[in-house]
1. Throw me the Rg/Rh for the chain, computed over C-alpha atoms with Kirkwood Rh, two decimals.
2. Placing +1 at every Lys and Arg Cβ and -1 at every Asp and Glu Cβ, with all other atoms neutral, what dipole size does the chain have around its Cα centre, in debye to the nearest 20?
3. Can you sort Ile112, Ile54, Ile88 by how many other beta carbons sit within 10 Å, fewest first?
4. For the range 59-117, max minus min Cα coordinate along each principal axis, in Å, sorted largest first?
5. Once R0 is set to 25 Å, what does the formula 1/(1 + (r/R0)^6) return for the Cβ-Cβ distance between Glu69 and Glu48, expressed as a FRET efficiency to the nearest 0.05?
6. What length, rounded to one decimal in nm, is gained on full extension from Ile16 through to Ser31, with 0.36 nm per residue of separation minus their alpha-carbon distance?
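Where a number appears in this text, it was derived from the coordinates with a stated rule and is not lab data. Every value quoted in this text rests on a predicted model; they were computed, and no experiment measured them. Note that each Cβ is placed from the backbone with ideal geometry, even for glycine, and that neighbours are counted across all protein chains shown.
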Amino acid sequence: MGKFTQTQYKYALERIEDLLPLVSEETDPNSKEALELSLMSDVVIEYENEHFPIDKPSPAELIGLALEEKQMSQKALAETIGVSPSRINDYVKGKSEPTLRIASRLCKALDITPAAMMGL
């Protein structure tokens with residue numbers, strides 16, 4: 001598809017709102033409504049990918065968010081993975097990045113996927 005304008009994007013958003021009540025799991029995927037919903041969704045996705053890209057979080061951001069979600073202190077994480085609290089602080093602040101061995105421990109302790117930690 002080509003580039004979409006803001007007007008087309010807004011129209012697609014409105015049509016999606018109109019179509020959602022008409023399409024369910026039981027709806028024939030080849031029905032007029034299901035096909036239009038699919039096309040309108042493609043317009044929205046393409047426009048948002050171009051105009052509102054979401055960057056992947058850095059290792060520092062991932063570690064900080066995971067600590068917050070788990071309500072875990074940097075000190076507790078340091079004890080769990082066997083490094084100093086100042087080293088964890090360096091990771092959270094982005095001053096240094098963990099080695100592969102430490103990154104593996106961080107992933108396990110914080111339930112972060114290795115792919116996310118590597119920025120994939």
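1. Working: Rg = 21.7 Å, Rh = 17.6 Å.
Using Cα coordinates only, the ratio equals 1.23.
2. Values: 13 positive and 20 negative charges, 227 e Å.
Dipole of the chain, to the nearest 20 debye: 1100 debye.
3. Values: Ile112 18, Ile54 7, Ile88 24.
Going from sparsest to densest Cβ surroundings: Ile54, Ile112, Ile88.
4. Principal extents (largest minus smallest coordinate, Cα): 25, 22, 19 Å.
5. Working: r = 25 Å, r/R0 = 1.01.
For R0 = 25 Å, the calculated efficiency reads 0.50.
6. Values: separation 15, 0.36 × 15 = 5.40 nm, distance 1.49 nm.
Stretched fully, the Ile16-Ser31 segment lengthens by 3.9 nm.
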